[in-house]
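Taking it in order: structure first as structure tokens, then the write-up.
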Amino acid sequence: MFVLFVISVLLQGIPIAPQAAGTVSGVLKTVDGKPAVGVRVSAMTRQEPLQATVAVALASIAETDENGRYTIEGIPPGQYYIVAGSIDRPTYFPGTQDIASAKVVQIMAGARIAGFDFAVIDTSRRTIITGLGPSRFQVNLRVTAERGSRLPAVSPAGPLTLEFERAPDRITASAPATATQILLELQPAGAATEYRARIRNLPKGFFVSSMTYAGVDLQSGILSLPTAAALRNSLGMVAAGDTLVVTIGEGARVRTGVRVTGIGRRSDSHPVVLSGKRGLVFSDGSFEFYDVPPGVHTIALIDFPGRALGTTIVVGDQDIDGVFLDEIAALPLNIQSPIPPASARDTAPGTKLPPVVLRGTVIDRMTRQPPPSGQVWIGGRNSPSYPLDAEGNFEIMGLLPGTYKLELQVAGYAHVIRDIIVDVQNLHVDLEIEK
């Protein structure tokens with residue numbers, strides 16, 4: 001089970017009333033897309049600089065269930081990191097082990113924020129071996145592409161992952177192909193600690209050209225590391241700084257149908273989908289889809305809340321290259337559900353349709369007058385809110401076709417949640433509220 005990166009837990013300051021506390025929820029997965037079960041997740045107070053000798057204050061701790069879901073409750077208002085992972089290399093939302101790249105979450109009084117889904121990088125399910133001296137060994141990593149080839153980062157099966165399986169107990173650990181190092185658990189004693197290394201989620205048409213560590217071919221051989229006892233007894237016997245080097249090649253691919261390529265955002269874990277079908281993402285942020293049928297398709301980068309990218313494009317019988325994804329206010333709820341393309345009607349192939357604008361008007365059901373104020377959300381409470389103007393109107397720009405859950409809150413009135421189906425045309429909705 002993972003252990004949080006915590007030196008001590010401090011509940012600081014004046015106690016916050018229960019009704020003022022916030023809640024954060026999401027899904028934690030492993031880097032290969034499986035639910036991360038039994039992992040502790042916490043809201044960690046933002047402290048700068050964060051050093052190993054500084055106590056870390058945790059507002060609340062939760063543990064993921066069998067589906068990787070977690071809910072952190074009782075979080076006082078303030079700024080936090082959402083954190084999970086091993087004691088020596090924690091993972092911060094949205095899926096990084098570099099605290100400088102972690103996203104700060106602002107918790108407001110009474111807020112209930114959902115959608116904080118991310119992948120925990122270290123997937124070892126065992127606790128650290130107890131005892132004196134070192135129990136883990138650092139292996140540096142470098143995954144590259146052959147000259148003239150591209151390096152895939154996310155395939156339709158999931159993020160490209162380096163996986164290590166220890167013999168004979170089959171304990172596994174893994175890291176994204178973009179990681180620069182991994183800490184592998186050592187056997188307490190014996191001749192050596194042996195691991196088999198492999199690449200997971202390598203897309204079709206790509207292959208491992210070579211995989212070596214300290215001169216050993218790991219495609220046919222074993223990654224041999226010292227035992228914990230050997231490290232304690234003779235550190236001089238250990239060759240420090242060795243790097244496991246993996247080279248990925250790209251072969252010829254037979255394909256039929258239309259190819260669609262474009263550029264999104266660099267990521268080692270976030271997929272790109274076209275009409276719900278996952279595509280191939282490369283390390284430079286470019287993406288591609290093959291065998292795309294004609295019609296109107298929605299392309300979206302499944303990023304963390306507040307940074308969605310997407311577009312809608314008309315596909316014909318010719319390849320389309322260089323599609324650029326726009327900033328999107330929120331992604332549809334069904335964005336990852338495969339759906340057939342819509343009819344293009346008379347729209348020319350290659351046309352990029354503009355994002356949809358959703359406008360609405362809110363009135364009191366009894367008085368037929370607009371409320372004095374109010375807020376609208378289209379992507380959950382962790383997404384931006386849109387205020388009502390003096391006439392009860394609101395406007396949300398940058399939506400893709402699909403189904404959304406619109407949420408309206410007006411002081412003194414019943415909470416309103418309504419499903420909205422967005423097509424390729426701008427849309428207006430009327431909402432009535434009552435006390």
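The values are calculated or read from the model by the stated rules, or taken from the named source; none is laboratory data. Since this is a predicted model, take the numbers as computed values, not measurements. Reconstructed Cβ throughout: ideal geometry from the backbone, glycine too, with neighbour counts over all protein chains shown. Surface areas here come from the heavy atoms of the whole protein model, side chains and all, with no ligands, DNA or RNA. Shrake-Rupley method; radii C 1.70, N 1.55, O 1.52, S 1.80 Å.
Each 10 Å bin from zero holds the following percent of Cα-Cα pairs in the stretch 297-406: 13, 38, 28, 16, 5, 1. For the stretch 247-370, the C-alpha radius of gyration sits at 1.27 times the compact-globule guess of 2.2 N^0.38 Å, with N the residue count. Using θ = phi - 60° in the Karplus curve 6.51 cos²θ - 1.76 cosθ + 1.60, the 3J(HN,Hα) couplings for the stretch 197-203 round to 10, 8, 9, 9, 6, 5, x Hz; x is entered for Gly and Pro.
Take the solvent-accessible surface of the protein heavy atoms, probe 1.4 Å, and return the percent of it on the stretch 128-227 that carbon and sulfur atoms account for.
On the way: 2340 of 4600 Å².
That share works out to 51 percent.
Taking amide H atoms as placed 1.01 Å from N in the peptide plane, the amide H of D117 lies under 5 Å from those of V27, each 5 or more residues away in sequence or on another chain.
For the stretch 37-44, putting each phi into the Karplus relation 6.51 cos²θ - 1.76 cosθ + 1.60 with θ = phi - 60° gives couplings of 8, x, 9, 7, 10, 9, 8, 9 Hz, in residue order, rounded to whole numbers and with x for Gly and Pro.
Couplings for the stretch 334-341, taken from phi via the Karplus curve 6.51 cos²θ - 1.76 cosθ + 1.60 with θ = phi - 60°, read 9, 5, 9, 9, x, 9, x, x Hz in order; Gly and Pro are left as x. Just the protein heavy atoms count here, and of the accessible area of the stretch 375-435 at 1.4 Å, carbon and sulfur take up 49 percent. Surface exposure of the stretch 283-385, expressed per residue as accessible area with a 1.4 Å probe, stands at 47 Å². Working note: Cα atoms of the stretch 370-427, range along each principal axis, descending, whole Å: 33, 20, 17.
Show me 147-157, 280-290 ranked by packing, highest mean number of other Cβ atoms within 10 Å first. Display every interim value, and only then the final one.
Details: 147-157: 17.5, 280-290: 20.5.
Highest-to-lowest ranking by the protection proxy: 280-290, 147-157.
By a straight-distance test (C-alpha under 13 Å), which aspartates and glutamates pair with K352 as possible cross-link partners, with residues fewer than eight away in the same chain excluded? Partners found: D321, D326.
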